[in-house]
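The values are calculated or read from the model by the stated rules, or taken from the named source; none is laboratory data. Predicted, not measured: the structure shown is a model, and the values here were computed from it. With ideal geometry, Cβ positions are generated from the backbone for all residues, glycine too; neighbour counts draw on all protein chains shown. Heavy atoms of the whole protein, side chains included, go into the accessibility calculation; ligands, DNA and RNA do not. Shrake-Rupley method; radii C 1.70, N 1.55, O 1.52, S 1.80 Å.
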Amino acid sequence: EHFAKAYVQSRRIPESFYSQLYFAPDFKKFVQELGVEKEGLIEDDQRLVIPFYDKQKNLVAVQGRALGESKIRYITIKILEDSPKIYGLDRINEDDMIYVVEGPIDSMFIDNSMAMCGADLTKSVDLDKNKCTIVFDNEPRAMTMVNKIAKYIERGYRVCLWPETIKGKDINEMILNGHEPEELKIIIDKNSYQGIQANLQLQMWRKC
């Protein structure tokens, strides 16, 4: 009956991830107990805690998601400074197509997915470009988003450009709007492009 679990259920997060999520009644104290000093944290800040692991399953960062009213919805804190701030490295199969999304919760709905969490993928991990599909949020009118996508196209990555028929800013919102994970995976594959074709599709997508 805990409100943190009720929040997780309300977001329709798959039950397979429940054991990987935690609750901190005081996120500031929780971070201090990890031996990390972080300015700006407030006391008694209740947050859902999402741990980040590297390929060797070492804990490298934690993200706290606000469960109440907060000016800062997400706080991501590195535990190992030299490790990439990327969620899901411990569970991806590099032999298959890897789907790179923006946030950890979004990655929980797509098989073989990881989240950048604001990191620059090219500077963070060494992955085969031809085995990666970059799946940014569905914001064709946001120039910052268009510019981000253009940079990854220029670097040779395959990118997903969501069709107009899809309603929802991100994958979790699409799930809440009634789409199923398997359906979204098919839509991503059908609407992903690379190279010259990606540039042409981006010009059309930004006008949606």
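Points to keep in mind about this one:
- The range 68-208: relative contact order in percent, alpha carbon pairs under 8 Å with at least 6 residues between: 21
- Placing a pseudo-label 7 Å from each Cα along the Cα-to-Cβ vector at L200 and S10 gives an inter-label distance of 4.5 nm.
- In this simple spin-label approximation, E139 and K38 carry label points 7 Å from Cα along the Cα→Cβ vector, and these lie 2.1 nm apart.
- Dipole of the range 153-208, positive end: most advanced residue of P181, Q197, T165 [Cβ charges, Cα centre]: Q197
- The coefficient of translational diffusion for the range 24-145, derived via Stokes-Einstein from the alpha carbon Kirkwood radius under 4 °C and 1.567 mPa s, stands at 84 µm²/s.
- Accessible solvent surface per residue of the chain, calculated while the other protein chains remain in place, 1.4 angstrom probe, Å²: 55
- Counting only DSSP beta bridges with both residues in the chain, the antiparallel share comes to about 70 percent.
- Its Cα centre serving as origin, the range 1-101 has a Cβ charge dipole (Lys and Arg +1, Asp and Glu -1) of approximately 280 debye.
- With each label modelled as a point 7 angstrom along the Cα→C-beta vector, the N93-N58 pair spans 2.7 nm.
- Test item: Cα-centred dipole of the chain, Lys/Arg +1 and Asp/Glu -1 on Cβ, debye: 600
- Per-q log10 I(q)/I(0), the range 135-208, q = 0.12, 0.25 Å⁻¹ (Debye; single scatterer per alpha-carbon; no solvent): -0.29, -1.19
- Cα gyration tensor, the chain - rounded (a/c under 1.5), prolate or oblate: prolate
- Computed on the range 1-123, with alpha-carbon pairs under 8 angstrom and 6+ residues apart, the relative contact order is 18 percent.
- Extension gain for D128-R155 works out to 8.5 nm (0.36 nm per residue, less the C-alpha to C-alpha distance).
- The range 18-57: chymotrypsin sites (Phe, Trp or Tyr not before Pro) in DSSP coil with no more than 11 other Cβ atoms inside 10 Å: none
- Solvent-free Debye scattering, log10 I(q)/I(0), computed from the Cα coordinates of the range 78-149 at q = 0.13, 0.26, 0.27 Å⁻¹: -0.37, -1.30, -1.35
- Alpha-carbon centroids, the range 1-28 and the range 40-63: separation in whole Å: 13
- The accessible surface of the range 66-208, taken with every protein chain in place and a 1.4 Å probe, is 46 percent carbon and sulfur.
- Most positive-pole-ward Cα, M116, S19, V135, against dipole of the chain from beta carbon charges: V135
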